[in-house]
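The values are calculated or read from the model by the stated rules, or taken from the named source; none is laboratory data. In this text, all values refer to a predicted model and were calculated from it rather than measured experimentally. Methodologically, a virtual Cβ is constructed for each residue, glycine included, from the backbone with ideal geometry; neighbour enumeration extends over all protein chains shown. Keep in mind that these areas ignore ligands, DNA and RNA; they rest on the heavy atoms of the full protein, side chains included. Shrake-Rupley method; radii C 1.70, N 1.55, O 1.52, S 1.80 Å.
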Amino acid sequence: MTAAMQPRLPLRDGSSIPQLGLGVYRVEPAATADVVGAALSCGYRLIDTAQGYGNEAGVGEAIAASGLPRSQLFTTTKLTSRAHGRDNALRAFDGSMQRLGVDYVDLFLIHWPLPDLDLYVETWRAFVELQQDGRVRSIGVSNFTEGFLQRLIDETGVVPVLNQIELHPWFPQRQLREFHDAQGIVTEAWGPLGQGSDLLQDPRLVDVAQRVGCTPAQVVLRWHLDQGNVVIPKSVRPDRMRENLAALDVQLDDADRAAVSALDRGVRLGPDPEHFAVT
Ligand SMILES: NC(=O)c1ccc[n+]([C@@H]2O[C@H](COP(=O)([O-])OP(=O)(O)OC[C@H]3O[C@@H](n4cnc5c(N)ncnc54)[C@H](OP(=O)(O)O)[C@@H]3O)[C@@H](O)[C@H]2O)c1
């Protein structure tokens, strides 16, 4: 599927986001420009990085080298947990702009709510300022539970366009997705393939893949896409980047989707946002 034909999801502020992109968590800073360059060549247009990943400069280098019009690229980055609070957040954002080498960021997210600091509402107000200044097109959050989201909305009146959360067949987040839908918040799945665990080797998933004529990773990604999730699978391998992007062309039926949904274990692979703190 050509980049121009890839599906996009509307955001509540009038922008839109590609439904499938590349995540670069744990991509070595020195390798990032090559990895992102390969992804852009394959047709990826959404790149998901974070201040905490230490590789924004490599993302910026690949964007500059790609020669693609800025309007065709979608850049997401996230505020480091060490920079909550208005002034820290604004300063940290300036650093991202410099490292990414862009004059606006498409989507800026609060990476973790950090309830022990209790600064996420103040931080969110700084995000609203950044959007009003035009330096960020869209503002959202990551790892927010329903309670944290409700408090942001109640205290600021500004609903995040998107919440990026751990979500995969083992932890499908049905309740939080329903809350997102009711509020018009797009769900973005991190760890969509189960973060290199043995999820993709599950025989029930392998069965579906054989029936459909695709790979287990493609089954999982298509399952996400069919629910309306944005997905950002990470790979440093161009063959897997192409495989993951080709999930856009896979078709599942109701029985296939039900077989994937039956893998639910109700268990996270990553930290619980209610307790995650800066160490
Ligand atoms: N907001 C947050 O707190 C948060 C937390 C975690 C992640 N994220 C974001 O979400 C993105 C994705 O999550 P993730 O990187 O943790 O995990 P993931 O995308 O679920 O899994 C990545 C792992 O799967 C492997 N892989 C990729 N494609 C594959 C395929 N087709 N077949 C088999 N294995 C495959 C990768 O190995 P190779 O690279 O060797 O191919 C890597 O080990 C991150 O990169 C990051 O941008 C956000």
Inset, instruction - Can you tell me which of 136-142, 86-92 comes out highest on packing, and rank the rest after it, using the mean Cβ neighbours within 10 Å? - result: 136-142, 86-92
Legend entry - Prolate/oblate/rounded call for the chain, Cα gyration tensor, a/c under 1.5 rounded: oblate
Inset, instruction - For the chain, find the longest principal axis of its Cα atoms and tell me its angle to the long axis of helix 174-183, 0 to 90°, nearest 10. - result: 50 degrees
Legend entry - Whole-percent carbon and sulfur share, accessible surface of the chain, 1.4 Å: 48 percent
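Beyond 19 Å, what percent of the Cα pairs of the range 57-154 remain?
40 percent
Using only alpha carbons, build the gyration tensor for the range 179-279 and give me the equivalent ellipsoid semi-axes, biggest first, whole Å.
The three semi-axes for the range 179-279 are 23, 17, 15 Å.
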Legend entry - DSSP-assigned coil residues among chymotrypsin sites (Phe, Trp or Tyr not before Pro) in the range 1-98, each with at most 16 further Cβ atoms within 10 Å: TYR25
Legend entry - Rh by Kirkwood over Cα pairs, then Stokes-Einstein D for the range 156-213 at 1.002 mPa s and 20 °C, µm²/s: 163 µm²/s
Inset, instruction - Would you grab the residues whose amide H sits under 5 Å from the one on SER16? Only those 5+ places off in sequence or on another chain, please, with H modelled 1.01 Å from N. - result: LEU11
Legend entry - Residues of the range 1-122: accessible area per residue with a 1.4 Å probe, Å²: 41 Å²
Legend entry - Placed amide H near PHE74: partners under 5 Å, 5+ positions off or other chain: LEU46, ILE47
Legend entry - Karplus-derived 3J(HN,Hα), 6.51/-1.76/1.60, for each residue of the range 156-165, Hz, glycine and proline x: 10, x, 10, 8, x, 6, 7, 10, 9, 9
Legend entry - Built amide H within the under 5 Å cut-off of VAL105, gap 5+: VAL136, ARG137
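What is the local net charge at GLY184, summed over the other residues whose Cβ is closer than 15 Å to its Cβ (Lys, Arg +1; Asp, Glu -1)?
-3
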Inset, instruction - Quick one: what are the phi-derived ³J(HN,Hα) couplings along the range 203-217, Karplus 6.51/-1.76/1.60 with θ = phi - 60°, whole Hz, x for glycine and proline? - result: x, 5, 6, 4, 4, 4, 4, 5, 5, 7, x, 9, 9, x, 4
Legend entry - Area projected by the alpha carbon convex hull of the range 87-245, averaged over all directions, nm²: 10.8 nm²
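As a test, work out the antiparallel percent of DSSP beta bridges whose residues both lie in the chain, rounded to the nearest 5.
Expressed as a percentage, antiparallel bridges in the chain total about 15.
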Legend entry - Point-charge dipole on Cβ atoms (K/R +1, D/E -1) for the chain, about Cα centre, debye to 20: 460 debye
Legend entry - Rounded to whole Hz, the Karplus (6.51, -1.76, 1.60) HN-Hα couplings of the range 100-108, x for glycine and proline: 6, x, 10, 9, 8, 9, 6, 8, 10
Inset, instruction - Return the distance in nm (one decimal) between the two label points of a simple spin-label model at VAL212 and ASP94, each offset 7 Å from Cα along Cα→Cβ. - result: 4.7 nm
